[in-house]
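Worksheet: the structure to be examined is printed underneath.
The values are calculated or read from the model by the stated rules, or taken from the named source; none is laboratory data. None of the values given here were measured: they were computed from a predicted structure. Every residue, glycine as well, gets a Cβ built from its backbone with ideal geometry; the counts of neighbours run over all protein chains shown.
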Amino acid sequence: MLNKVIIESVLTAALSTGGDFAEIFVEDKINTSISMIGGKVQNTMSGRDFGIGVRIFKGFNSVYAYTNKSDKDSLISTALKAAAALQGPDNNITINLLQTDVKNIHNIVIDPSKVKKTKKVQLMRRVNDIASNYDDVITQVSVSYNDNNQNILIANSEGLLKEDRRQRSRMFIQAVASKDGEMQSGYYGPGAMKGYEFFENLDIDWYAREAARIAKTMVYAKHCPSGRMPVIIDNGFGGVIFHEACGHGLEATSVAKGLSVYCDKVGKKIASDLVTAIDDGTIPNEWGSINIDDEGTPSQKNVLIENGILKGYMVDKLNGRRMNMQSTGSGRRQSYQFAPTSRMTNTYIANGKSSPEEIISSTEKGLYAKYMGGGSVNTATGEFNFAVMEGYLVEKGKIKEPVRGATLIGTGLEVLQKIDMVGNNLTFGQGMCGSSSGSIPTNVGQPMIRVSEITVGGRKGEE
């Protein structure tokens, strides 16, 4: 992607004012996206993004610059402009790059760029038709399709030189149900680090029906009562609570600055004995997986919490310096326009020993959150507020009538400590996670869990 001699010259220029580490990141990305509303294509876009980023460290300080130009003079100029922010003598570091192969754990069968757009649109129309015809109460269906192929090169002044390819595919389905002037929506967004074979092997009809079913169920549901109560959170995307309320607090991005409730807690009990939480970027073909991170470090399986004990953090190179810790393969970025920092990959609560039937049958009264929606989190305190997309009341060990408008309110530490049952049905849900280094694909996951008590926001007086 870039000549080795040019890379060495750029890295040398980057260190000319006293920097002690320099890195170059090259990205060549081809993206295809199609959006459809009501069976009609609204927008289709195919494009190529190319750019190069240069990053320099001096102690705990970092400077980042990027350009779309790949000629030697432009790249050296970019490196020198970045280096100008650091003042000091030339370190005279000799750079000898050694290219090493990256082990690819993601088998891609069908290159999406070889598949005609008309075929992709036909698949989207099928999804639209299935969701639209689910029930007369469904008034609008939107479908979006995306595939992207990202090729990267990473080199640094320590001699690292690696190249990698990432192919991802995803479809997002949203159905809206309307009744008596009120609207409710249901959505699903399956995705994977795969080619077009992902769609050919996916039961896409089920996802279309499920999005419509959620919308219909919720538009007929009564309002959720409020108060403190046990809450059962189902598997898959239910893991978004751990991702947001706890996962971000375990990223070195916040820990190194003292902005996390989990600072200085390694080796201490922060959760129920039943909780083991993991961030694992090495799972083949999963949405959040990577062969190497965006700093060239191999991805790895990081046990964050084990049987309630905090074992470690997700660490990138710069914050690793600040914390005197090695990188955990967690340095990620949206594109060459962002400097990397510590981010999640596939983050989940591991399987427990209870069956979903046992968890439900042992709950006298509470809320069953089948599907979670969006929310907000204060990473410094762990305080969160999450919407329940599809919820049900639980009475005497049975799932009863659906309820809408429920929100879960609490803190990450509170939830971790009050998990009193963990199921054995781990699955993942796909999402895009936004932070200081941009928006990146991440998986959230968990088996069904029960939180013994949590504040549920709803309507007072509803029964």
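Name the residue, out of G434, G445, that is in a strand (DSSP E or B), out of contact with any Ser or Thr (no Cβ under 8 Å at 6 or more places or on another chain) and of a type outside the set (A, V, I, L, M).
Among G434, G445, only G434 is in a strand (DSSP E or B), out of contact with any Ser or Thr (no Cβ under 8 Å at 6 or more places or on another chain) and of a type outside the set (A, V, I, L, M).
To keep it simple, each residue is scored yes or no on (1) surrounded by fewer than 23 Cβ atoms within 10 Å (Cβ to Cβ); (2) of a type outside the set (S, T, N, Q).
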{"position": "V266", "(1), (2)": "yes, yes"}
{"position": "A277", "(1), (2)": "no, yes"}
{"position": "D293", "(1), (2)": "no, yes"}
{"position": "Q300", "(1), (2)": "yes, no"}
{"position": "Y348", "(1), (2)": "no, yes"}
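Would it be correct to say that Q174 is farther than 30 Å from Y64 by Cα, under 23 Å from the mean Cα position of the chain (by Cα) and either not aromatic (F, W, Y) or not assigned by TED's automatic domain parsing to the domain that holds S70 (or both)?
For Q174, the condition - farther than 30 Å from Y64 by Cα, under 23 Å from the mean Cα position of the chain (by Cα) and either not aromatic (F, W, Y) or not assigned by TED's automatic domain parsing to the domain that holds S70 (or both) - is met.
Tell me which residues, restricted to region 223-260, are crowded, with 21+ Cβ neighbours inside 10 Å and assigned to a loop (DSSP other than H, G, I, E, B).
Residues satisfying the conditions are C224, D234, N235, A256, S260.
Among the residues of region 413-454, what is the count of those that are under 12 Å from the mean Cα position of the chain (by Cα) and either of a type outside the set (S, T, N, Q) or more than 30 Å from Q337 (Cβ to Cβ) (or both)?
Counting residues in region 413-454 that are under 12 Å from the mean Cα position of the chain (by Cα) and either of a type outside the set (S, T, N, Q) or more than 30 Å from Q337 (Cβ to Cβ) (or both) gives 11.
How many residues does region 409-421 hold that are crowded, with 19+ Cβ neighbours inside 10 Å and farther than 15 Å from N378 by Cβ?
Of the residues in region 409-421, 3 are crowded, with 19+ Cβ neighbours inside 10 Å and farther than 15 Å from N378 by Cβ.
If I filter region 344-381 down to residues being in contact with a His (Cβ under 9 Å, 6 or more places away or on another chain) and modelled with pLDDT of 95 or more, which single residue comes out as farthest from R459 (Cα to Cα)?
So, considering only residues that are in contact with a His (Cβ under 9 Å, 6 or more places away or on another chain) and modelled with pLDDT of 95 or more, the one farthest from R459 (Cα to Cα) is M344.
Check region 228-245 and report whether any residue there is of a type in the set (D, E) and touching a strand residue (DSSP E or B) at 6+ places or on another chain (Cβ under 7 Å).
Yes, region 228-245 contains a residue that is of a type in the set (D, E) and touching a strand residue (DSSP E or B) at 6+ places or on another chain (Cβ under 7 Å).
Looking only at region 392-435, count every residue that is within 21 Å of L250 (Cα to Cα) and among the small types (G, A, S) and tell me the total.
Within region 392-435, residues that are within 21 Å of L250 (Cα to Cα) and among the small types (G, A, S) number 6.
Cβ-Cβ under 8 Å, sequence separation 6+ or interchain: first residue in region 122-147 and touching a residue at least 60 places away in the same chain (Cβ under 8 Å) and over 30 Å from K29 (Cα atoms), partner surrounded by fewer than 16 Cβ atoms within 10 Å (Cβ to Cβ) and of a type in the set (K, R). Which pairs?
Between residues of region 122-147 that are touching a residue at least 60 places away in the same chain (Cβ under 8 Å) and over 30 Å from K29 (Cα atoms) and residues that are surrounded by fewer than 16 Cβ atoms within 10 Å (Cβ to Cβ) and of a type in the set (K, R), the close pairs are V137/K179.
Answer yes if at least one residue in region 358-365 is buried (at least 21 other Cβ atoms within 10 Å of the Cβ), at positive phi and not assigned by TED's automatic domain parsing to the domain that holds M183, and no otherwise.
No, the conditions are met nowhere in region 358-365.
Those residues that are surrounded by 17 or more Cβ atoms within 10 Å (Cβ to Cβ) and either assigned to a strand (DSSP E or B) or at positive phi (or both), I need them from region 395-408; list them, please.
P402, V403, R404, G405, T407, L408, listed by residue number.
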